[in-house]
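Read through the structure below, which is laid out as structure tokens, and then see the notes.
The values are calculated or read from the model by the stated rules, or taken from the named source; none is laboratory data. Because the structure is predicted, anything quoted here is derived from the model rather than measured. Cβ placement follows ideal geometry from the backbone for every residue including glycine, while neighbour counts extend to all protein chains displayed. In case anyone asks, the SASA skips ligands and DNA or RNA and just uses the protein heavy atoms, side chains included. Shrake-Rupley method; radii C 1.70, N 1.55, O 1.52, S 1.80 Å.
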Amino acid sequence: MELNVLWFILIAVLFMGFFFLEGFDYGVGMLLPFLGRTDTERRLLINSIGPVWDGNEVWMITAGGAMFAAFPHMYATLFSGFYLALFLMLVALILRGIAFEFRSKQPGPAWRGTWDWMIFGGSLVPALLWGVAVTNLLQGVPIDSRMQYAGTFFDLLSPYTLAGGLAFLFVFAYHGAAYLTLKVEGELVDRAREAALRLGVPAAVMCLGLVALTHLQTDLFNWPAAGVLLYLAVAGFAGSYAAMAARRFGWAFIGSSLTIVLTTVALFTGLFPRLMVSSLNPAWSLTIVNAASSPYTLKIMTIAALTLVPVVLAYQAWTYWVFRKRVSARHLEY
Amino acid sequence: MGEVLLARWQFGITSTYHFLFVPLTLGLSILLAVMETMYVRTGNELYKKMAQFWGKLFLINFALGVVTGLVQEFQFGMNWSEYSRFMGDIFGAPLALEALSAFYLESTFIGLWVFGWERLSKTLHAAAIWIVAFASNLSALWILVANSFMQNPVGYAIRNGRAEMTDFGAVLANPYVWNQFPHVLLSGLATAGVFIMAISAYHLLRHSNPDFFRPSFKLGLTCALIASLAVAGAGHRQAQFLAQAQPMKLAAMEALWETADPAPLALYASIDEEKQANSVELGVPYALSLMVYNSPAGEVKGLKAVQADYAARFGPGNYIPDVTPVFWSFRIMVAAGLWLIAVTLAGAYWLRQGRPDGSRWILQAAVWSLPVPYIANSAGWFVTEAGRQPWIVYGLQQVEQAVSPVVSAAAIWTSLLGFTLLYGGLAVVGLYLMVRIARQGPAEKPELEVTSSKGVALWN
């Protein structure tokens, strides 16, 4: 039983890492066509995440794999139930990954522009869809007594989940801008800051909307801790915005990171001990007990995860250290 | 088409497409590491240039492999939810371990390798590509551990209506893995060797940049020769193992309807699946027994006998896979392998004669060999996967029971067409880029360089 709780936490941690890390690289992707006015600038923006975006994406893959290993019923219900949404997201992520690799292989502006817009769409669509997906887990979706999803694609869209999607989208875009203020130079920093200040307004509105609708549509606030965390996330965002305005970029990035991390923790705390809420009957919800793997498998996986995750954190942190400097254009050939 | 057939088509298309890129990643990452190690040890710039030029092609292939791999991670849940429920306790573990132990390493260190030429010391930079090579091949091992359970379940018990793992050590030590993994690893090396050999031969035929392409050709040819000989050996062992583990698959590969002792090795068969007989057969007497038992005598079970045996064990039903495509895929794979052995042996003989680019026909054969390992890889997987039908997990769950009940045919049509069109488009663009870069040869100018200045000031 303790291991079921531990795996719930581990999966929450994986999503936290995924949203925090890939949050800013989705953000950079969404901002790319707007902040980069010349080809060199766009190359710089891409290179700010170039060495790390692939590693960031593995947080999502690992979250999926961990779900399969620890809570196979969640893996089965979620991905078969959210089929078309997941299909859209995969298409977006495929185009995005390819665009990073292909864009600079040909010089023409039409070629590069096309891939840049793929990076934009490939970053925007998953950001939106993950927000929709996570809020759906909490709000509840029609799950029947046999753990099968009994709705359609459109049942996933409600004011609450759309608010979730837009909040993720704008906060990630803001988070990306905050990241860029630390990773690029000169005029681009000012442009990133300006973008952050503009995006901050709809992001704040959507965050507040998300909190309000969470009050109305979910039982998250039955857990006082979850409620407190959610308000702290909003406070973190306000702090980040003030720091951004004052050009305290380090603090601004810490603030947006806190917003993402605290929101993820709050949503998972509100979900606990459920994994997917059933809107048809609370007893049909998927939980850390009825959706779990056997104690033996959880034990094996626990040993593996507790050994490997610290190592992963160490070398990923080291990578960020290697590429800690701002990216600048001194010898751009194309 | 019903949901099951549509879901099978989607899995077949997306997996085959994904596996077009995987073997080259597995093998070429190792060869890049070898090139860069030679650079570090000798200081010869040629090897650096080699690592960079072949690395450029590697990265295009790598990117295509990574993005198509995303679909693989999620589509068990999407299209095979009942399989995921039944098997998650066992199948999820190697998949999660693959992500934790291999994908993180691979993705992080490929970033370091691509962007780290100026940022890391020579040794550390070479270490980065070794780690990528290790991680890629480790991920292949994990996914084969998962696949091997589907082929030959071990270390489990049926409890709570599903297969539960009882012995992780047994799942890892599954003899199926250790027969399959060397075959896959070596076919990756053969693919990479042929890839380098063929593109180098193209340039040698045109006398373009021979100082660069002659050593590349030698390296590719050597690797392709050793690997394609070894892959045949590994395949031979695998077939011997199949005789015990999956007699049905072996019988289908040979279109052997009746049990035979000694059994002939079929060269050609005109197969009538309705009548369960071959109207025309051409075979080498004793040869199949010889292959399986290393002796001219020995019983090889026929399709009908295994069918009767399975019907008695698992209840009435048809347990015979589609024999014709399995039979011919196997022959295509073997023929492709023999072609590679012949070309690389001839190439090696002629290289030893000391005339590096004298013989045009060998260079031409080397160029035409480029698609051959890809044909062998795809045909081999087709034998493995089509040959286990109707099972998704051998003896435990059939494909029909595994499909997602909530995903409609319309939804699968959408994703099937979507993925197929997308993959088709990517194939065109990817191939176009690779051909262009391969034809261009190594650049004389230094690559795009983005350098950095000033440290990050967190509190500026």
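Could you check region B:69-103 and list, in sequence order, the residues that are hydroxyl-bearing (Ser, Thr, Tyr) and more than 7 Å from chain A (Cβ to nearest Cβ)?
Matches in region B:69-103: B:Tyr83 only.
Quick one: B:Pro215 ticks every box in (1) in contact (Cβ under 8 Å) with a residue 40 or more places away in the chain; (2) open to solvent by 20 Å² or more (accessible area, probe 1.4 Å); (3) within 14 Å of another protein chain (Cβ to nearest Cβ); (4) farther than 22 Å from B:Glu385 by Cα bar one, so which box is it?
(3)
Taking the stated definitions as given, is A:Val312 at the interface with another protein chain (Cβ under 9 Å from one of its Cβ atoms), crowded, with 19+ Cβ neighbours inside 10 Å and part of a helix (DSSP H, G or I)?
In short, yes.
Say we look at region A:287-309 and pick out the residues that are open to solvent by less than 70 Å² (accessible area, probe 1.4 Å) and among the polar types (S, T, N, Q); which of these is farthest from the other protein chains (Cβ to nearest Cβ)?
Residue satisfying both the conditions and the ranking: A:Thr287.
Given the criteria open to solvent by 50 Å² or more (accessible area, probe 1.4 Å) and over 21 Å from B:Asn160 (Cα atoms), does A:Pro282 qualify?
So A:Pro282 fits the description; yes.
State the number of residues belonging to region B:409-425 that are open to solvent by less than 40 Å² (accessible area, probe 1.4 Å), closer than 17 Å to B:Gln72 by Cα and in contact (Cβ under 8 Å) with a residue 12 or more places away in the chain.
5
Is it the case that B:Ser15 is under 29 Å from B:Phe168 (Cβ atoms) and more than 9 Å from chain A (Cβ to nearest Cβ)?
Answer is yes for this residue.
Of B:Leu221, B:Leu185, B:Leu205, which residue is under 27 Å from B:Tyr104 (Cβ atoms) and more than 14 Å from chain A (Cβ to nearest Cβ)?
B:Leu185
May I ask you to verify whether B:Leu205 is in the same structural domain as B:Leu363 (by TED's automatic domain parsing), closer than 25 Å to B:Thr384 by Cα and not β-branched (Val, Ile, Thr)?
no
List the residue pairs whose Cβ atoms are under 6 Å apart, where the first residue sits in region B:1-21 and is open to solvent by less than 40 Å² (accessible area, probe 1.4 Å), the second is assigned to a loop (DSSP other than H, G, I, E, B), and the two are 6 or more positions apart or on different chains.
What qualifies is B:Val4/B:Val403; B:Ala7/B:Val403.
In this structure, is B:Gly354 more than 18 Å from B:Ile196 (Cα to Cα) and not in a helix (DSSP H, G or I)?
yes
Checking B:Met38 against (1) within 14 Å of chain A (Cβ to nearest Cβ); (2) open to solvent by 40 Å² or more (accessible area, probe 1.4 Å), which single condition isn't satisfied?
The failed condition is (1).
Within region A:40-47, is even one residue among the hydroxyl-bearing types (Ser, Thr, Tyr) and either more than 11 Å from chain B (Cβ to nearest Cβ) or within 19 Å of the chain's Cα centre (by Cα) (or both)?
Among the residues of region A:40-47, not one is among the hydroxyl-bearing types (Ser, Thr, Tyr) and either more than 11 Å from chain B (Cβ to nearest Cβ) or within 19 Å of the chain's Cα centre (by Cα) (or both), which makes the answer no.
From A:Gly151, A:Gly186, which residue is at positive phi and within 14 Å of chain B (Cβ to nearest Cβ)?
The unique qualifying residue is A:Gly186.
Give region A:116-138 a look and list any residue that's of a type outside the set (Phe, Trp, Tyr) and open to solvent by 40 Å² or more (accessible area, probe 1.4 Å), or say none.
A:Met118, A:Leu124, A:Val125, A:Leu128
Among the listed residues A:Ala246, A:Ala192, identify the single one that is within 14 Å of another protein chain (Cβ to nearest Cβ) and open to solvent by 10 Å² or more (accessible area, probe 1.4 Å).
A:Ala246 is the lone residue from the list that is within 14 Å of another protein chain (Cβ to nearest Cβ) and open to solvent by 10 Å² or more (accessible area, probe 1.4 Å).
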